[in-house]
Structures are given as C-alpha cells and as structure tokens.
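Novice: Below you'll find the structure I mean.
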C-alpha cells in the first residue's frame, strides 16, 4: 500500500466541482476526500466529478470512502461522476457496486457537458 | 609702522602689481568635450563649498573638485537658458531667462520656486544673506522663507546687475544705478554722451566707478564726468582687488591697467581668434583662480599668480641657461650663458655682456651678500668684481690658476677674501696679497672644485668632485663622504639645523649630519637625482634638478614642480628667493613662483564602512567600528589648477593621547584606514599640491572597539550566557537522553505490545479459518489464505447445512488490522445463524447487521456460494468476480455480480446467480483481490486477465493443484523482490 501523499485540486463550476486526485486513494489519505466534499456540499456544490487520471492506487478502503459519499451527495440530489478511470479500476468500482450510484466518463469536459445537458 | 617695514610692503606691492599680469600665467579650457553642458555659458559662480557652478544654455554644470556633473531636463530644469546660479545658505538657486527661478532640493532635483512672480528674470544676486531677484514683474529679496519687496523708494525698473563691495551695494538698471542712502533707495540717472546706452554692469574701486555698457566702458572719478575708456560692448567686469580691472566684452578679454585696455587671451587660443568670443562672466577668486565664462568657447580657468615665466620676449636672452642668481641691493642679478641680467620690478633692466666689460659671457657662479659693495662672478675666463656699473676682471695672467672658474665665494668673515674653485686646479684664495692655491699636495682630496660655501663657524665647505664634501678650517682639509652614494659632488649649501647639503651628479642629495651622509633620492620625492642647484631660503630647501624641475623640502615634505605645473623648464640651474617669491632660472629663462599659502578645501566621497556606505559631511559624527575593520574613503580636493599638477594625499590616525606621523604622500585619492587597536582615533587627511600648497586637514573621528564578543562590556554577559547555555544544554541533554531512553523503552514496549496484539489478531484471524477442508464425495473443496505483512481482512469458510449441503464463503473486510478483524468476526458470527438462508437474504441480513454495528468506513465484501446438488447459488457483495469452469463446455466464465460491500448503505440491493454444477470437472473459484492486485517491483498488477488465464490453464487439475498454481502465479509475479500488499484468499470447489 502506497504511503505517498494524496494531493487534490478542486475546480469549482457552480453547482459542480471537479476534484482531481494526485496520489493514492487508500487507507492513509482517502478520508481527505470526504473532508473536501463535505466542505463543498454546504456551498451548494452538489455534483462531483472525480478525476482519477493521476490517482496511482485505489484500494478497498478507498472505494469505501467513495461509497460513503453516495448518501451525502444523494441527499442533495447531486451526482457522482468518475473520469479518467482505467480498465482495472473501472472493473473494481463496478464489482463493488458503484456503477449503480456513479457515472463514468472519459474526461472532465465530457462529464461536465453531460451534467449541464442533464441539468 | 617703521620705515623698513613700510619699504618692504611697498616693494611687495610693486612686485605684485607687476606680476599680476593677465597676459601671464596658465590657462585651462573646459568645453563640452571636458564634460560641461555647453560651450555657451552665461555665468560662473564659486560657492562656499568651493564648488563651481556653470550656467549654460543647455543646463547647469557642477565642477566639484575632480568631478563634473551635468544638470539638465532629467534633473527638473526647464529647456531654456540658465543665466545665473547663486548659492545662499547652501541652497542652489538657478535663474532662467524666461522660466523663472529654480532651486535644488535634497534629492538633487531642481524644483520651480513658486515664491517669485514673473518668469522673465533679468538678474539674480546674493545680497548679504538674501537673494535679490529682478523679474519682469518685480524686484524682490528672498530670505529663504519669505519674499520682501524692495520698497523704500526702490524704482520699478529692470535691474541688470548688482555690485557689492564691503561698503556699498549698487543695483544697476539700464540707465541708472540705485544705492541705499539711510533708509531710502536713491536712483541716479547716468548720462552718457551717446544715445541708446544701456548699462550692463558696474564696478567701483579706489574711488573710481566703471560702467560696462553696450556702447563701451566708461569710468568716473568722484566729482568728475564720465570718461570713455573703450567702445567695446562690455559683458562682464571683475577686479583683482588691487589695480587690474578685468573686462569681458562681446569681442574677447581685456584688462585695464594704467587707464589703458589691453587684450589678452587664453594661451591655447590665438588672441585674434579669441576676439570673436563674447565673455559673459568673469569670476575673480584670487590671482591663482580666475574663471571666464564665454559664449561659444566654453569655460576657462586662469592662474596668473602661481608661476609666471619670463624669456627672451621679456628681455631675458639667457643663451640657453641660467647658472646662478643673487639678490643685491634690491635687485636680482642673473648669471647666464649669455651675460649678466639685472631684474627688478618685473623688468629686466640691464644686460651686461663682454661689451660692457665682462671677461666672458658665460657666468657660472655669483656670490655676494647684503652689506658689501660688490658681486663676484666666476666666468669661463676668470673672475670679475662688479660694483653695479663696472667690472674689474682677474684672469690667469694675474695669477688665477685656471681660466674656467667653476665656483666663487666671498668669505663671510672677511669680505676682502674671495675663494674660487676650478675644474682641475684646486681651491684658490684671493686677497690683497694675490692668489694662493690649494691642491691635492696640500691635503685637498681632489683638484676639481665645483662649489664653495661657508658654515656658520667660518669653515669653508667645498664640493670636491669625485671625492666628497671637504671642510677647510684655515689649517687643514677634512673630507666627508661616508654614506655618500655619489662622490661626484657638484653643489654644497648650508641646510637646516647645521646640516650640510651636497648635490651630486646622479645620486640625489646627500645630507651631512654627524659626519655621515643620508641620501635623498627621487623615490623620497625629489624631482630627479641629477642635482643642478641647491638653495636655502631660510625656511625651506630648494633643489633644482636636471630634467625633473625643482624640488622643495618644506615641513618634512618634498614638493616638486616641473613643466606640467607651469615651469618654463625642467632644468633648473639657479634658485633664489625674493620678496616672498622664488625665482627659478633654467634653460628656458626665468620662472617666478609665488606660493599660495591659503588652504584649499578637501572632502570625501562616501565613506565605505564594513556596515554601510555613509555619506560624508563636514559635520559628520564619530564613526564606529571594530579592530581590523577597513574603512575606505575617496578624497576629492576642491582645488582648481589650470596646470596638470598632481595632487597627493597623506593621512595619519592620531589615537587618543598619541600623535602619529603622516603617511608618505600617495597619488591615489583612495585612502583606507584599518585600525589595529581599540580606542578613539582622529583620522586626518590632507591633500598636497606640488606647488607648496596644502589643503585643510580634514578629520574624521573614529571609535574603535573590540569585536563585541571580545569587548569586556559585552563579552562577559555574552560568554557568561554562552556558558550558561552550554550548561543548560548539557542538563537538558542529559534529561533528554534519560527521557529518550525511557521513551524508547516505552516505545519498544508499545511496539512489542502492538506486535503481540497483531500477532494475536493474526492468530485470531487464522483461528477463524477452517482447520481442515471439508471432504465430500461430490466435491473437492479447498480454501487458502496467505496473509500480507499486515493483518488483512480476508477470510473464507465452509459451513455445512442441515441438509448436508455446503455453503462456501470468501470475504474481504476493508481496512487492515484489528478493526477489519472485528468486522470479519461479526460477519462470521452473524453468518453462522444464516447458513440455512439463500445467499441474497443472507447478504441483506448481514448488511443490516453491519450497519447497525456502526463500523464506520469499514465494509465487508463477501461471496457466498450455496452449493446444491447440481448447482451453486452464487451471490456477491463487492467481491472480485468468481470464475466458473464448465467441464462440459470446456469454458471458463467470469461471474461478476456487482453490489456494494456489506455495511455500505441500508437497503442495498443484492442479486443471485445460479450456476450449473453437475458435471464432473466443473469448477468454481472465488477469490479476494489479493491475487489480481498483487504488484511486482515494477508496480504492475497480476490483473484479472492473467488470473483468468491461469485458472483456464489449471482447469484439468485438482482443486489443490489449482490453488497451488494460483499461488505460483503470485510468487512468480512477485519474483521475490516484491511483497504481497494484501491478503490473498482462494476458495476452489471442484465437482468430482
């Protein structure tokens, strides 16, 4: 399990926020993502695009963290979108049931356009 | 005043009048190539700080010692003519022709003065401590704070100039002059006998008023009418404070002497050419410094006082060399290669040659002294006695041993006795009894005699060529040459404090003291080592050299003047003092040097200290530093010298209570001070002009202390503090070490405790796994778990139902360590009561249970395979896909039943898939993500495809072999250089 640091950058496009992960989403750092989203939700950022392009590892704990976000986002009628997910991670996320609660897009721009279209 | 003193003053005055001749002296030109703003100059002023301000039609130039700075548009000046600069209270004011008045602010920028009305300025002058300004709108005085109008009857007229003398101030209008009488200003209209005359400037001295106008120069003596002196358009007037009026006109320069104007010009410009040059201003500072502002040819500096040269044009046709000079009866007699000249009152009044009775025109030596009636001459053809009119000659046929007489000396104790020297025939005494010769057989060390003088005790002192200096007491000769670097002695004279000075042919000067010579050579400051003349003026020693000008030893310092300082020649054969001046005879004639004893100013550029660069001011406080600090300063002598004379600098650092000696003068103005000891210093610097002039001594006080950690005041608390700190540090370190050891022991104990706990957790986890694999007739069932370095959350189990069927589970609790172990424990416990239930209700129930347990972010991923007779009901919550191999079809199928891990959300949906499992060889493989996500050293995962491929490859193997094959896959992938990062668990069921 990687002990590297997870850094995140947030691009705010009301009511959406693009969160780019850089580093591992695992036991050590995954909780930081909860803090970010819990900060943004009260500010009416309800749709979250999580970009995994530079995410080097997602383990089961990381997926648990993503799952834990579902109820909060759903409570705000928000959407959870994953982008730049490689095949292995996509399989992992799907087998762990996240396909029913999140959408997958190739990149942020497409995800954002899709969101705007749906809104 | 006694008669003698009066006579002396009169003589000095006459000489001064004669010598203050503007046609003589040295000039220097400053033009735009020298760095001034323009060749077209309106005004030149010297301020109280000895700085020269030049007002031009293209800004202002400041000549500040050896620095020249231009002020122009970038310094706030307007693009117009600057007609005048005046300094009052160290503030510089600039008058423009049509843009008002400007002043220089603290940031070195010119600002427009708003206190004056009218941009057209006629004149601006310092009147006392105030600034007088005449503009198109007003005539006012400005005291630096406020304006006051002239009032008191001052007419509303244009003022062109202001003349200020000790006893009167005259304001000059176009046709009038205004003076204050009592409390009232009184205007006097000046009536010229020409029309359209406009007064431009005014000068008054010795009861004569001078009016410079556009139509000429007029003078007016009290109660007399105006007299026209010249018709020149007069632009400027100044005076040397004695009798010479300098007149700048539209067509060159003139000086007024004896009622007549004479033109003169800088010696680098022909007089005719200079007559096309308007001279707008003349600033007479003193005889050594006169500035001329011209309109077209730049700025000129003239020195008519320091050195004046006389040659053939002036009546001194020396034939190429002056050999000696003596003063006698108020006149100076000059021995040359071309006869004897008499010089007095600046004029060569007489010239005696063979035709006038001289035995030869080549006169090599002269001697006389005040009180006797003759001058004795040594010539190339015997000796001669001169009474002022006639010569009485004595030649070889009268008993003189040689025609060529090299030296002559009148005995100071008996003027009837004359001593002569010759080149080869020794010393000769001449008296009423005739000639008596002394040669080597009489004890004279050499027969070549080059000079004779007499000591105070009456002994003759003789320059004996190739032997040394010889003293003759009337009875015997005594030779002195110990320490003499060159025995070719050609000159002797009495020096200060009873010393004898001997000039040598090529080794400088030997100073005889205590029977031993000490040499002075060029490296000591002497102009050249070939000595050509020696002279003691009573307080200073002079040495004329052959090629190096003249050197003067004064107050312990050598000064050397040469052609670059304005001397007419570097070969100085004779020196004599007269009326406070020094006459120097050489191969180009006569140079008269007049010492300017006034000190010139000296300042510094910024002083560079180890801490900062500090601006120098004359009133700066004490500088502080520490021992061995180096302080740099660059001296700037505010001395303006038209000749290219060198300025040298010397310094000394007087420590409190101790007097130090001056350094050897140096040419570089860069001076550094490195204090070696603690204390208060008075660091003094002085500039030295070759022409016997020195600057003021500038003092900079320093307080030097030890470096703070060595200074007792700070060292005791500092080192005490350091020791205390070290002591405290030692105590702290000991405590720290003690606590560190305790902490390490605690930490080690904690680690041991955690390891024990982990080991317990591992054992607990392992204890939850089946001890043995179920053995049935229908299936091979194999479970396997390989834990990672940490305690993971994987587990598997086989549970038998009441109907004999089996339920196989394979799970993976998220997270690691004890928490995940707890989740496994809860799941397994709950599971035990659900074994009879189908997979989906089991998962639903487990999900509810775990949610109730509030397991935080921990989750349980779980596969359940409910094994029936011919089928397996399979369900999953968050686990990796299971693999089903159909022996009948020979195909391997991935079974992915995606669902959230247990404990994620209430009401999470689970699905079930029934798999046919009736043929022998059918296989189902469940696994955690440990194998597919195992990473090698290159961070590459095994992946699902490789895993699937491996299972396909092992399909014909037993369940145990399949397990081993999968373990091998993992081990081969890790290659021994990577560790398994997560638990790896398989459950393999194969239909028999």
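A short reminder: the numbers here are calculations on the coordinates, not readings from a lab. Everything numeric in this text was worked out from a predicted model, so none of it was measured. A quick note on method: Cβ atoms are made from the backbone with ideal geometry, for glycine too, and the neighbour counts reach across all protein chains shown.
Novice: Tell me the relative contact order for chain B as a rounded percent, counting alpha carbon contacts under 8 Å between residues six or more apart. List each step's numbers first, then the result.
Specialist: Working: 2482 pairs, mean separation 53.6, N = 992.
Across chain B, relative contact order equals 5 percent.
Novice: Between residue B:554 and residue B:390, what FRET efficiency comes out of the Förster formula 1/(1 + (r/R0)^6) with R0 = 35 Å and r the beta carbon distance, rounded to 0.05? All intermediate terms of the calculation are to be shown ahead of the outcome.
Specialist: On the way: r = 40 Å, r/R0 = 1.13.
Here the calculated transfer efficiency is 0.35.
Novice: Against the 2.2 N^0.38 Å scaling, with N counting residues, where does the range B:260-302 land? I'd like the Cα-based Rg ratio to two decimal places. Don't skip to the end; give the middle numbers.
Specialist: Details: Rg = 10.3 Å, N = 43, 2.2 N^0.38 = 9.2 Å.
In units of the 2.2 N^0.38 Å rule of thumb, it is 1.13.
Novice: Distances over 24 Å make up what percent of all Cα-Cα pairs in the range B:462-576?
Specialist: Working: 1271 of 6555 pairs.
Tail of P(r) above 24 Å: 19 percent of Cα pairs.
Novice: Now for a separate question. Could you give the spread of the C-alpha atoms of the range B:663-763 along their three principal axes, from largest to smallest, in whole angstroms?
Specialist: Principal axes ranked by extent give 108, 31, 17 Å for the Cα atoms.
Novice: Here's something else I'd like to know. Let me test this: with uniform point scatterers at the alpha carbons of the range B:238-319, what is the Debye-based log₁₀ I(q)/I(0) at q = 0.27 1/Å?
Specialist: Each listed q maps to, in turn, -1.39.
Novice: Could you work out [θ]222 nm for the protein assembly as shown from helices alone, using -39500 (n - 2.57) per DSSP H run of at least four and dividing by all its residues? Round to the nearest 500 deg cm²/dmol. Provide the component values of the computation, followed by the final result.
Specialist: Details: 11 runs with 182 residues, N = 1111.
Taking each H run of at least 4 residues, the total per residue is -5500 deg cm²/dmol.
Novice: Tell me the Rg and the Dmax, in Å, that the Cα atoms of chain A produce.
Specialist: According to the Cα coordinates of chain A, Rg and Dmax are 13.0, 39 Å.
Novice: At 7 Å along Cα-to-Cβ for each site, give me the label-to-label distance between residue B:206 and residue B:168 in nm.
Specialist: Computed distance between label sites residue B:206 and residue B:168 equals 1.7 nm.
Novice: Under a point spin-label approximation (7 Å from Cα along Cα-to-Cβ), what is the residue B:746-residue B:372 distance to one decimal in nm?
Specialist: 11.5
Novice: Work out, step by step, the length gained on full extension between residue B:764 and residue B:725: first 0.36 nm times the residue separation, then minus their alpha carbon distance; give nm to one decimal. Please list the in-between numbers first.
Specialist: Details: separation 39, 0.36 × 39 = 14.04 nm, distance 5.41 nm.
In short, 8.6 nm is gained.
Novice: In nm, what is the difference between 0.36 nm times the number of residues separating residue B:734 and residue B:800 and their Cα-Cα distance? Display every interim value, and only then the final one.
Specialist: Details: separation 66, 0.36 × 66 = 23.76 nm, distance 6.50 nm.
That works out to 17.3 nm of additional length.
Novice: Give me the base-10 log of I(q)/I(0) for the range B:950-992 at each q in 0.15, 0.17, 0.21, 0.32 Å⁻¹, Debye formula, one uniform scatterer per Cα, rounded to two decimals.
Specialist: Results for the range B:950-992 at q = 0.15, 0.17, 0.21, 0.32 Å⁻¹ read -0.40, -0.50, -0.71, -1.17.
Novice: While we're here: Taking the Cα atoms of the range B:714-768, report the difference between the largest and smallest coordinate on each principal axis, in whole Å and largest first.
Specialist: 75, 14, 5
Novice: Kindly put B:541, B:879 in sequence by how many other C-beta atoms sit within 10 Å of each C-beta, fewest to most. Working shown, then result.
Specialist: Working: B:541 23, B:879 28.
With the fewest neighbours first, B:541, B:879 line up as B:541, B:879.
Novice: Using 0.36 nm per residue, how much length does the chain from residue B:522 to residue B:755 gain when fully extended, once their Cα-Cα distance is taken away? Present the calculation step by step, with values, prior to reporting the outcome.
Specialist: On the way: separation 233, 0.36 × 233 = 83.88 nm, distance 9.36 nm.
Net length gain for the segment: 74.5 nm.
Novice: How large is log10 of I(q)/I(0) for the range B:770-991 at q = 0.08 Å⁻¹ when the intensity is taken from the Debye formula with one equal scatterer per alpha-carbon?
Specialist: -0.26
Novice: Computed on alpha carbon atoms, what radius of gyration and Dmax characterise the range B:421-513, expressed in Å?
Specialist: Cα only, the range B:421-513: 12.5, 39 Å (Rg, Dmax).
Novice: For the protein assembly as shown, what does the convex hull of the Cα positions come to per residue, in cubic angstrom?
Specialist: Enclosed volume per residue, from the Cα hull, is 347 Å³.
Novice: Still on this structure: Taking other Cβ within 10 Å of each residue's Cβ, how do B:53, B:328 sort, fewest first?
Specialist: On the way: B:53 24, B:328 19.
Ranking B:53, B:328 by Cβ neighbours within 10 Å, fewest first, gives B:328, B:53.
Novice: Relative to the longest principal axis of chain B, what angle (0 to 90°, nearest 10) does the C-alpha long axis of helix B:959-974 take?
Specialist: Once rounded, one gets 0 degrees.
Novice: By how many degrees, 0 to 90 and rounded to 10, does the Cα axis of helix B:712-768 deviate from the longest principal axis of chain B?
Specialist: 20
Novice: Hey, fewest Cβ within 10 Å first, where do B:43, B:387, B:778 land in order? Before the final figure, lay out each step's value.
Specialist: On the way: B:43 24, B:387 10, B:778 18.
Listed from fewest to most nearby Cβ atoms, that is B:387, B:778, B:43.
Novice: Here is a further query. Report Rg(Cα)/(2.2 N^0.38 Å) for the range B:21-306, keeping two decimals.
Specialist: The reported ratio for this selection is 0.97.
Novice: How many nm separate the modelled label positions at residue B:262 and residue B:397, each set 7 Å beyond the Cα in the direction of the Cβ?
Specialist: Label-label distance for residue B:262 and residue B:397, simple model: 4.7 nm.
Novice: Output the direction-averaged projected area (hull surface divided by four) of the convex hull of the alpha-carbon atoms of the range B:159-318, in nm². Kindly include the intermediate steps, with their values, before the conclusion.
Specialist: Working: hull surface 43.5 nm².
Computing the convex hull of the Cα atoms and averaging its projections yields 10.9 nm².
Novice: Given the range B:557-628, what whole percent of its Cα pairs are spread farther than 19 Å? Can you show the working numbers first?
Specialist: Details: 1471 of 2556 pairs.
The calculated P(r) of the range B:557-628 puts 58 percent of pairs beyond 19 Å.
Novice: Set the Förster radius R0 to 22 Å, insert the Cβ-Cβ distance between residue A:116 and residue A:56 as r into 1/(1 + (r/R0)^6), and round the FRET efficiency to 0.05. Write down the numbers at each step before the final one.
Specialist: Details: r = 30 Å, r/R0 = 1.37.
Efficiency, from the Cβ-Cβ distance: 0.15.
Novice: Counting pairs of Cα atoms in the range B:317-385, how many percent are more than 21 Å apart?
Specialist: Values: 332 of 2346 pairs.
I get 14 percent for the Cα pairs in the range B:317-385 exceeding 21 Å.
Novice: Here is a follow-up. Convert 37 °C to kelvin, take the viscosity as 0.692 mPa s, use the Kirkwood radius over C-alpha pairs of the range B:601-705 as Rh, and evaluate the Stokes-Einstein diffusion coefficient in µm²/s, rounded to a whole number.
Specialist: Values: Rh = 14.1 Å.
The Stokes-Einstein estimate is 232 µm²/s.
Novice: Given a Förster distance of 56 angstrom, what is the FRET efficiency for residue B:964 paired with residue B:613, based on the Cβ-Cβ distance and rounded to 0.05? Don't skip to the answer; put the middle values down first.
Specialist: Values: r = 84 Å, r/R0 = 1.50.
The pair residue B:964/residue B:613 has a calculated efficiency of 0.10.
Novice: Take the alpha carbon atoms of chain B, find their radius of gyration, then divide it by 2.2 N^0.38 Å using N residues; give the quotient.
Specialist: Details: Rg = 56.9 Å, N = 992, 2.2 N^0.38 = 30.3 Å.
That ratio works out to 1.88.
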